[in-house]
Amino acid sequence: MQQERLKSSQNRFDLNAIIPKCYPFVKWAGGKTQLLPELDALIPSLFDRYFEPFLGGGAFFFYLVSEKQLRFTAYLSDINDELITAYKVVKNDVEKLVEPLRIHERQYKTNPNEYYYKLRAEIRAFDDVERAARFITLNKTCYNGLYRVNKNGLFNVPIGRYKNPLICDAENLRNVSLALRHSKAHLLVGRYGEILEEAQTDDFIYLDPPYRPTSSTARFTSYTDAGFDDSDQQELYQVFRKLDRKGCKVLLSNSDSPFIQELYAEYRDNITEVNALRAINCKGSKRTGHKELLICNYAG
Ligand SMILES: C[S@@+](CC[C@H](N)C(=O)[O-])C[C@H]1O[C@@H](n2cnc3c(N)ncnc32)[C@H](O)[C@@H]1O
């Protein structure tokens, strides 16, 4: 059975094609780069389809495709429309994106503060390439790669402190584009629950929701105007169980707290506690280690 499935996935992909190393093309709050060694230990041995419905920077996806050279069809989605538009442009039109990014980079460097706030305030009708270039430029130069909008849906994160930000990393963008095309990435905007209706037996699903804050001062779940509170965490748990019952391989990361531990008590045998650094707090002293949980419904 496993041999047959391997054969069918070999037919669909050119297994000889090597995807050059690539990384998230956005800096994203809650990005998973530092947890990749721990996530690696939990990659299921065989799967044809991969779902990542809280995509953000997609660190794990790029790791699976370029570091591990795994071949699968990817379903990548997020509630953030600007982010998914940027992914689509990188996938389908990367060469058109490079030049406007170079222009933003040059103009930003002449007067960072003035250029940042001017670009942030622009609300004219952009086409998708311009929208993606604006989004990436703001992301690379804003405070900590945060994405936050005001009541009118306008991006309102202040400028970050960067001496020489790399706005146009053309080589990585091209490699990201290859990785997305090679995995035939379906790029969708939507709530995770809707997207996961499509998941089937043996699909691999990685869930990286906005974390439950570990203290009242650590609230950083406002990635968009819709927050993610305890009732959202409970709803997500129900989706996790449903996927488990369907026979999917589900892996979830979250902050360590009694609330999350109790919610996933049924899976306690497959919960791994890991140490992680969270670089979101502005105070250096608050960037020290804390625990995160990797929860799955299969033995790692
Ligand atoms: C912790 S971040 C994911 C980080 C990602 N794993 C990485 O490596 O960069 C959580 C993501 O979930 C998205 N999100 C928040 N609520 C959502 C929802 N209800 N449905 C889908 N995506 C959601 C946010 O826009 C954000 O990009």
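The values are calculated or read from the model by the stated rules, or taken from the named source; none is laboratory data. On a predicted model such as this, the values are computed, not experimentally measured, just so you know. With ideal geometry, Cβ positions are generated from the backbone for all residues, glycine too; neighbour counts draw on all protein chains shown.
Computed quantities for the displayed model
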read-out: Every pair of residues 6+ apart whose Cβ atoms lie under 6 Å, when the first sits in the stretch 261-286 and is loosely packed, with under 10 Cβ neighbours inside 10 Å and modelled with pLDDT of 95 or more while the second is of a type in the set (Asp, Glu) and in a loop (DSSP other than H, G, I, E, B); value: none
read-out: Positions within the stretch 26-46 being outside any helix (DSSP H, G or I), within 10 Å of the ligand (Cβ to nearest atom) and not aromatic (Phe, Trp, Tyr), in sequence order; value: 26, 27, 29, 30, 31, 32
read-out: Extreme residue, farthest from residue 101 (Cα to Cα), among residues of the stretch 147-160 that are at pLDDT 95 or above and more than 16 Å from the ligand (Cβ to nearest atom); value: 158
read-out: Members of the stretch 62-78 found to be crowded, with 20+ Cβ neighbours inside 10 Å, touching a residue at least 40 places away in the same chain (Cβ under 8 Å) and either closer than 27 Å to residue 144 by Cα or within 13 Å of the ligand (Cβ to nearest atom) (or both), listed by number; value: 62, 65, 66, 75, 76, 77, 78
read-out: Criterion (within 19 Å of the chain's Cα centre (by Cα), modelled with pLDDT of 95 or more and surrounded by fewer than 19 Cβ atoms within 10 Å (Cβ to Cβ)) met by exactly one of 48, 40; value: 40
read-out: Test: residue in the stretch 52-74 that is hydroxyl-bearing (Ser, Thr, Tyr), outside any helix (DSSP H, G or I) and either at pLDDT 95 or above or under 26 Å from residue 252 (Cβ atoms) (or both); value: yes
